[in-house]
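Here's the structure, in structure tokens; my notes come after.
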Amino acid sequence: TMNLQNIHGKLNRLLAGGDLEAEYKPSPRLRFYAHVSSFSNRFWYGNVPYNNNDPRNGYFTAEFSLKHPGYYKDASIINTGGSPYLGKLLDLDDSTGHGDNYRNIQPQYSYAVAPDSFEFKRLFTEINNTFERNPIVAQLDGSYAITDRIKISAGAKFYWKYGERNISYHEWQFDKSTQTGAQQYLMTNLNLEPVNPNGGYLPEYGDPYSKILMPFLTRPQLTAMVSQFANRWFEYTMNEENVEYWLWVGSSYKYHEYTSSGYIMADATLFGCLNLTGGLRIENNSMYVTGDTLDTQPTIDYTTGYVYYKKQSRTIKNNTLAFLPSLNLTWNIKDNQNLRFAVSRTYHRQNFSEVKPGAAVINYSDFEFTFGNPNLKPTYSVNLDIAYEYFWGNKGMFEIGSYYKYITDHIFATTQADADPTTGIIYKSFQNAGKSWVWGVEAMFKRRFDFLPKFLSGFGVDANITYSLSRMQVPGRYKQQPLAEQTPLLYNVALFYEKYGVSARVALNYTGPFLKALNLAAVTGIGLVHKDDSYDVFMSENYSLDAQVAYSFKKHFMVYIELNNLVDSPYKEYRGDPNRPVRVEYYRQRGQIGFKYTLD
């Protein structure tokens, strides 16, 4: 079917924090440093549709639907192994010839569709109150220079973090017993205004929807609808007695963690040309996450006869003690040349949402359920790096190097099951891969063209490139595949100019396509049905071109202009094939002009 959504949301974010630093040098060779800080981050929706911080406020939506859903000439019968249903497929998946290319998906109606074809369906708010706080982050470091060439450092750090996400939903539906006429529910009976597409809707695809855009409610009409029909609403609070509570029960959760760490490090210069830096960091982390789910046994309200399932809380605790040694070696071949070698062990802890127990978090707009995996392990990596550096004084440098990472328990996102034909919801979670590895080479070049005459000597180039290969073994798949979130090619090229008070830069950035989430859907009695990456979700390649120019004059003054996203490359996720997109977003160009005055 087709729905029209009119949306009004006020997004609020409050960031607050502060820190205090202290340094003490009792002698030229001995130094102590202390740092204490505290931070808070809160997000919530503003007063829509009510004032005074009403708990029902949120991302407010008025939704209208076609009066005669299902009257389409291009519907296809879809059967994914269960009950067949009607839907619309893309051209590469529809053997009947009904499917459209993703650049121009348009329904073929069997009747004329106009604003009076849509009738009121519901009002709802998506509610989100989220906060995270670091009440205390404390760090203490000390260093002692035994000689001019040997220095020992040690330190400790502690932080405490806690947070909470409260995500819910509130809905209003008409009490049709109060209806005085069919027109009461048509969109055309309300105050409307034409859509302002601001230069076109998807002009990148040739503006294919310009002729079918419907009018929308005016802003005053949208925000006044709750009060306008105040005596005609059925309100549905998202609590245990709501039949849809199972969709939302897992979307609110709490967490807190305590992390303490310490390190000891030695830095030594040998033979006048060899620098060694080695040390050990030990980190202990305790993470507690509490999520909600529903009781498996029903509860009966004998007064009303209503049967429902009570909410239950689940709490998991993860403890991690990590030993993380490292050794860095730098050989000064000449005054302007270095050879660097490094070996280290690092780790990546699980995010709170990745290990959350209980029911799933719902992404209502994208029809996704995301389950946490309480058994998820942290990721460890042993890293080897080697690099050669060449310097042109303060005019630039050249570097080329290679790296290798041996990884255990790499964390990746998965689709656990195909979309439910009834709700359209996709089920997602997180898993650990087996032993994995990444190998890559990287190079960097930065040089001012000072050898050129006069005006041209202000030009320069700043460029870097990284190419990598990676493999991980996914449980249930017969061969290894590239790591998730690991692009094989990344480069940045910038042309800059710095002279006569002018500072200008044009930069091109490129990120190659990479695997974002695996599809590990399984069918009872069959097992894993997606044993290769044909249905995995990938991030498409992305370009960005940015430019900035600044001019400084009379020591204190500067004017500047910045332009971003000049090529308007899309943000695009696709499933297996670039012509089967999951999400495509365009942001167009943006820029700013400014003036700056410096007091000193």
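List, please: which pairs have Cβ atoms under 8 Å, are six or more places apart or on different chains, and start with a residue in segment 489-505 that is at positive phi and end with one that is part of a strand (DSSP E or B)?
Pairs found: GLY501/TYR551; GLY501/SER552; GLY501/PHE553.
Please go through segment 190-200 and give me each residue that is touching a residue at least 12 places away in the same chain (Cβ under 8 Å) and open to solvent by 50 Å² or more (accessible area, probe 1.4 Å), ordered by number.
To start, the set of residues in segment 190-200 that are touching a residue at least 12 places away in the same chain (Cβ under 8 Å) comprises 190-195, 197.
The answer is ASN191, LEU192, GLU193, PRO194, VAL195, PRO197.
On the basis of being part of a strand (DSSP E or B), surrounded by fewer than 18 Cβ atoms within 10 Å (Cβ to Cβ) and not hydroxyl-bearing (Ser, Thr, Tyr), does ALA443 make the cut?
Here the answer is yes, as ALA443 does meet what is asked.
Mind checking whether some residue in segment 32-41 is open to solvent by less than 30 Å² (accessible area, probe 1.4 Å) and touching a residue at least 60 places away in the same chain (Cβ under 8 Å)? Write out each step before concluding.
Pass one, segment 32-41, residues open to solvent by less than 30 Å² (accessible area, probe 1.4 Å): 37.
Among the residues that remain, those that are also touching a residue at least 60 places away in the same chain (Cβ under 8 Å) are: 37.
Yes; the residues of segment 32-41 include at least one that is open to solvent by less than 30 Å² (accessible area, probe 1.4 Å) and touching a residue at least 60 places away in the same chain (Cβ under 8 Å).
Residues that are open to solvent by 50 Å² or more (accessible area, probe 1.4 Å), closer than 29 Å to GLU389 by Cα, within 24 Å of the chain's Cα centre (by Cα) and touching a residue at least 24 places away in the same chain (Cβ under 8 Å): does segment 451-460 have at least one?
No, because not a single residue in segment 451-460 is open to solvent by 50 Å² or more (accessible area, probe 1.4 Å), closer than 29 Å to GLU389 by Cα, within 24 Å of the chain's Cα centre (by Cα) and touching a residue at least 24 places away in the same chain (Cβ under 8 Å).
Checking the structure you have, find out if any residue of segment 153-165 is of a type in the set (A, V, I, L, M) and either within 30 Å of TYR571 (Cα to Cα) or without any contact (Cβ under 8 Å) to a residue 60 or more places away in the chain (or both). Spell out the reasoning first.
Within segment 153-165, the first condition is being of a type in the set (A, V, I, L, M), and the residues that meet it are 154, 156.
The next check asks that each one be either within 30 Å of TYR571 (Cα to Cα) or without any contact (Cβ under 8 Å) to a residue 60 or more places away in the chain (or both); those that pass are none.
The answer is no, given that none of the residues of segment 153-165 is of a type in the set (A, V, I, L, M) and either within 30 Å of TYR571 (Cα to Cα) or without any contact (Cβ under 8 Å) to a residue 60 or more places away in the chain (or both).
So, in segment 532-569, exactly how many residues are open to solvent by 50 Å² or more (accessible area, probe 1.4 Å), hydroxyl-bearing (Ser, Thr, Tyr) and in a strand (DSSP E or B)?
Total meeting the criteria: 4.
Among strands (runs of 3 or more DSSP E) lying entirely in segment 1-52, which contain 3 or more residues that are closer than 30 Å to PRO115 by Cα?
3-8
Which of the residues that make up segment 401-418 are open to solvent by less than 60 Å² (accessible area, probe 1.4 Å) and either part of a strand (DSSP E or B) or aromatic (Phe, Trp, Tyr) (or both)?
GLY401, SER402, TYR403, ILE407, THR408, ILE411, PHE412, ALA413, THR414, THR415, ALA417
Can you confirm whether segment 274-283 contains a residue that is out of contact with any Asp or Glu (no Cβ under 6 Å at 6 or more places or on another chain) and within 23 Å of PHE369 (Cβ to Cβ)? Walk me through it before giving the result.
Filtering segment 274-283 down to residues out of contact with any Asp or Glu (no Cβ under 6 Å at 6 or more places or on another chain) leaves 274-276, 278-283.
Retained after the next criterion (residues that are within 23 Å of PHE369 (Cβ to Cβ)): none.
There is no residue in segment 274-283 that is out of contact with any Asp or Glu (no Cβ under 6 Å at 6 or more places or on another chain) and within 23 Å of PHE369 (Cβ to Cβ).
Inside segment 297-333, can you point out the residues that are more than 33 Å from the chain's Cα centre (by Cα) and charged (D, E, K, R)?
Once the filter is applied, which keeps residues that are more than 33 Å from the chain's Cα centre (by Cα) and charged (D, E, K, R), segment 297-333 yields only ASP301.
Run down TYR245, TYR263, TYR258, TYR309 and say which single residue is open to solvent by 60 Å² or more (accessible area, probe 1.4 Å) and under 27 Å from SER168 (Cα atoms).
The unique qualifying residue is TYR309.
The rows are residues; the columns are (1) more than 23 Å from the chain's Cα centre (by Cα); (2) open to solvent by 30 Å² or more (accessible area, probe 1.4 Å); (3) among the aromatic types (Phe, Trp, Tyr).
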{"residue": "LYS356", "(1), (2), (3)": "no, no, no"}
{"residue": "ILE362", "(1), (2), (3)": "no, no, no"}
{"residue": "LEU376", "(1), (2), (3)": "no, no, no"}
{"residue": "TYR380", "(1), (2), (3)": "no, yes, yes"}
{"residue": "ASN383", "(1), (2), (3)": "yes, no, no"}
{"residue": "SER436", "(1), (2), (3)": "yes, no, no"}
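Looking at segment 56-76, can you tell me whether even one residue there is under 30 Å from the mean Cα position of the chain (by Cα), exposed (fewer than 10 other Cβ atoms within 10 Å of the Cβ) and touching a residue at least 12 places away in the same chain (Cβ under 8 Å)?
Within segment 56-76 (the criterion being under 30 Å from the mean Cα position of the chain (by Cα), exposed (fewer than 10 other Cβ atoms within 10 Å of the Cβ) and touching a residue at least 12 places away in the same chain (Cβ under 8 Å)), the answer is no, since none of the residues qualifies.
Which of the residues spanning segment 42-55 are without any contact (Cβ under 8 Å) to a residue 24 or more places away in the chain and either in contact with a Ser or Thr (Cβ under 8 Å, 6 or more places away or on another chain) or closer than 29 Å to GLY18 by Cα (or both)? Before the answer, list the steps.
If we filter segment 42-55 for residues that are without any contact (Cβ under 8 Å) to a residue 24 or more places away in the chain, which is where we start, we get 51-54.
Residue satisfying the conditions is ASN53 alone.
Looking only at segment 402-420, decide whether some residue is among the hydrophobic types (A, V, I, L, M, F, W, C), touching a residue at least 24 places away in the same chain (Cβ under 8 Å) and farther than 19 Å from PHE371 by Cα.
yes
Among the listed residues TYR24, TYR59, identify the single one that is hydroxyl-bearing (Ser, Thr, Tyr) and under 30 Å from PHE229 (Cα atoms).
The conditions single out TYR59.
Could you count how many residues in segment 81-113 are free of Cβ contacts under 8 Å to residues at least 24 places away in the same chain, over 33 Å from the mean Cα position of the chain (by Cα) and open to solvent by less than 70 Å² (accessible area, probe 1.4 Å)?
1
Could you please find all residues in segment 201-242 being touching a strand residue (DSSP E or B) at 6+ places or on another chain (Cβ under 7 Å), polar (S, T, N, Q) and open to solvent by 70 Å² or more (accessible area, probe 1.4 Å)?
THR237
With the requirement that a residue be among the aliphatic types (A, V, I, L, M), assigned to a strand (DSSP E or B) and open to solvent by 60 Å² or more (accessible area, probe 1.4 Å), what does segment 114-149 give you? So that I can check it myself, show each step before the final result.
As a first pass, look at segment 114-149 and keep what is among the aliphatic types (A, V, I, L, M): 114, 123, 127, 136-138, 140, 145-146.
Right, trim to assigned to a strand (DSSP E or B) and you get 123, 127, 136-138, 140, 145.
Listed by number, the residues that qualify are ILE136, LEU140.
Mind checking which residues of segment 211-231 are part of a loop (DSSP other than H, G, I, E, B), in contact (Cβ under 8 Å) with a residue 12 or more places away in the chain and under 34 Å from the mean Cα position of the chain (by Cα)? Step through it out loud before you land on a result.
Let us first name the residues in segment 211-231 that are part of a loop (DSSP other than H, G, I, E, B), namely 211-215, 218, 229.
Then keep just the ones that are in contact (Cβ under 8 Å) with a residue 12 or more places away in the chain; that gives 212-215, 218, 229.
Within segment 211-231, ILE212, LEU213, MET214, PRO215, THR218 qualify.
Out of all the residues in segment 492-511, is one or more open to solvent by 50 Å² or more (accessible area, probe 1.4 Å), closer than 30 Å to TYR551 by Cα and assigned to a loop (DSSP other than H, G, I, E, B)?
yes
Checking LYS572 against (1) outside any strand (DSSP E or B); (2) open to solvent by less than 50 Å² (accessible area, probe 1.4 Å), which single condition isn't satisfied?
(1)
Would you confirm whether any residue within segment 289-306 is among the hydroxyl-bearing types (Ser, Thr, Tyr), at pLDDT 95 or above and closer than 17 Å to ALA156 by Cα?
No: zero hits.
Yes or no: segment 38-52 includes at least one residue that is over 25 Å from LYS157 (Cβ atoms) and of a type in the set (Ser, Thr, Tyr).
Checked against the condition, which is being over 25 Å from LYS157 (Cβ atoms) and of a type in the set (Ser, Thr, Tyr), segment 38-52 yields at least one hit.
Output the residue which, of all residues in segment 352-400 that are in a strand (DSSP E or B) and among the acidic types (Asp, Glu), is farthest from LEU324 (Cα to Cα). Working first, answer last.
Residues of segment 352-400 that are in a strand (DSSP E or B), as a first pass: 361-363, 368-370, 379-391, 396-400.
Checking the rest, the ones that are also among the acidic types (Asp, Glu) come to 368, 385, 389, 399.
On the way: GLU368: 37, ASP385: 16, GLU389: 26, GLU399: 27 Å.
Ranking the candidates gives GLU368 first.
The values are calculated or read from the model by the stated rules, or taken from the named source; none is laboratory data. Just so it is clear, the structure is predicted and the values come from calculations on it, not from any experiment. Every residue, glycine among them, receives a Cβ derived from its backbone with ideal geometry; neighbour counts consider all protein chains shown. Only protein heavy atoms, including side chains, enter the accessible area calculation; ligands, DNA and RNA are left aside. Shrake-Rupley method; radii C 1.70, N 1.55, O 1.52, S 1.80 Å.
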